[in-house]
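No value in this document is a laboratory result; all are computed from the given coordinates. Quick caveat, the model's predicted, so the values are computed rather than measured. Cβ coordinates were reconstructed from backbone atoms using ideal geometry, including for glycine residues, and neighbour counts include every protein chain displayed.
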Amino acid sequence: MKRKIFCMSLVCSAFFFLITSSFVEPQQTTAELIEKEKQLRPKGKVKRKFKKLALKSPTTLGKTHFIVGFPHEEFKIKQEQAQKQALDGLFDSVGSVKKAFFSPDDNLEKALVDLIKSENHSIKVAIYSFTNRAIAESLLNAHNSGIRVEVITDPSALYDPFNKIELLRERGIPVYVYKPTYNQKTLSDRMHDKFIIFDKNIENKALIWTGSANLTRSATINNQENVVLLDDQGIIEQFNQQFVRLKERCIFYDSDQKILGISRREVASRKGRKKIIYA
């Protein structure tokens with residue numbers, strides 16, 4: 001009797017297993033799963049399109065591009081705060097800009113690059129010697145972003161093998177070269193000014209940067225130099241008037257304009273000379 005009951009229960013179990021197994025999806029093997037994944041991959045034109053899109057993605061993606069949903073105004077506020085921190089210490093107790101810099105104790109290069117980045121309208125440069133690449137690149141970036149940049153320099157700057165005047169001119173920044181023959185009464189007649197006028201800078205202020213420092217690496221990191229930065233509108237207007245006068249005493253430096261009867265190509269071939277003899 002017990003044996004009969006055992007056999008019946010075994011048959012019932014087997015029958016129940018057969019019924020339930022018909023409703024269970026058979027397990028997929030590893031090979032089947034890999035094949036299914038391959039079928040889901042993009043093919044042909046679609047695959048090439050995805051690959052091209054990935055290659056064309058800018059390297060700055062996620063750094064300079066906005067993410068959908070990110071609050072743009074909040075980003076702008078943070079950017080302005082970072083700008084103010086970079087130019088920290090420029091304002092006095094009443095909100096005016098009256099700052100003195102001394103090289104090599106102060107980082108003149110960084111201070112000037114920060115000011116160039118903060119400009120919103122125009123930059124006028126009158127400089128005797130210009131060899132600092134970081135400052136030149138900052139001016140080019142400003143020029144490329146729509147800021148009007150003009151440069152006045154002395155002919156001697158063109159003879160320096162490391163001068164950045166050629167680079168600025170080649171990239172579209174208007175360059176004016178002083179004519180030393182303007183004043184024949186003095187033994188030394190050079191454009192020896194060193195000033196930069198910012199039209200709309202931090203908090204839309206006009207600023208004047210002036211002092212003993214040329215735009216060279218030596219002036220910013222080695223020499224004992226001084227620069228003052230002011231927002232005095234009366235003084236800035238006088239510098240603007242002087243810039244106009246200097247332009248009238250210059251010639252526009254085009255592709256092969258002759259300077260003192262010497263062409264640009266001849267100037268390039270004479271680079272490295274220690275002294276310039278004016279005509």
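Per-structure values
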read-out: Rounded, prolate or oblate (a/c below 1.5 giving rounded, otherwise prolate when a/b exceeds b/c) for segment 95-259 by Cα gyration tensor; value: rounded
read-out: Exceeding the 26 Å Cα-Cα cut-off - candidates K99/K124; K110/K205; K179/K200; K98/K164; K164/K205; K194/K247; value: K179/K200; K98/K164; K164/K205
read-out: Sites I235 and R190, calculated FRET efficiency, Cβ-Cβ separation with R0 25 Å, nearest 0.05; value: 0.60
read-out: Given charges at Cβ of Lys, Arg, Asp, Glu: segment 95-259 dipole, positive-most of F239, G95, I196; value: F239
